[in-house]
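A.B. asks: Take this structure, written in structure tokens, and hold onto it; I'll ask about it next.
Coordinate-derived values only; no laboratory data. Treat the numbers as computed from the prediction; the structure is a model and nothing was measured. Because the Cβ atoms are built from the backbone with ideal geometry, glycine has one as well, and the counts that use them run over all protein chains shown.
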Amino acid sequence: MECVLATHLRTNRLALPRWRPSNKEPFARLNADPMVKEHCPSALTRVESDAFADRIEAGSIALGYGLWAFEHDR
């Protein structure tokens, strides 16, 4: 049985799109911030963050579910 993964979810106030290359730069900024990563073993480099984003998207494709990017509608 083949799984079909939605390309995005949207509510009145936010959008949850699938991961795009443009998400990697802001995701890397978050992952490099010591305050954001306070309860994690360490902050991530850009290379580590990009690899994490790639694993998130690959897992979503393989499983049919996973983590989504987040966009706040203003």
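A.B. asks: Hey, what do the phi angles of segment 27-44 turn into as Karplus ³J(HN,Hα) couplings, whole Hz, using 6.51/-1.76/1.60 and θ = phi - 60°, x for Gly and Pro?
C.D. replies: Here the 3J(HN,Hα) series is 5, 5, 4, 4, 5, 8, 7, x, 5, 5, 9, 3, 9, 9, x, 6, 6, 10 Hz.
A.B. asks: So, one more: Largest first and to the nearest Å, give the Cα extent of segment 20-72 along each principal axis.
C.D. replies: The Cα atoms of segment 20-72 stretch 31, 24, 20 Å along the principal axes, largest first.
A.B. asks: Counting only GluC sites (Glu not before Pro) that are in a DSSP loop and have at most 14 other C-beta atoms within 10 Å, tell me the longest site-free stretch of the chain. Please list the in-between numbers first.
C.D. replies: Values: sites that count: 2, 38.
Segment 39-74 is the longest.
A.B. asks: Now, a different point. Would you mind finding the longest exposed-site-free stretch of the chain, with exposed chymotrypsin sites (Phe, Trp or Tyr not before Pro) meaning DSSP loop and at most 15 other Cβ atoms within 10 Å?
C.D. replies: Details: sites that count: 65, 70.
Formally, the longest exposed-site-free interval is 1-64.
A.B. asks: Right, another one. In nm, what is the difference between 0.36 nm times the number of residues separating residue 10 and residue 62 and their Cα-Cα distance? Walk me through the intermediate numbers first.
C.D. replies: Values: separation 52, 0.36 × 52 = 18.72 nm, distance 2.23 nm.
Value of the extension gain: 16.5 nm.
A.B. asks: Within the set of other residues whose C-beta is less than 10 Å from the C-beta of residue 25, count the net charge using Lys and Arg as +1 and Asp and Glu as -1.
C.D. replies: Numbers: positive: 24, 29, 46; negative: 50.
With Lys, Arg at +1 and Asp, Glu at -1, the net is +2.
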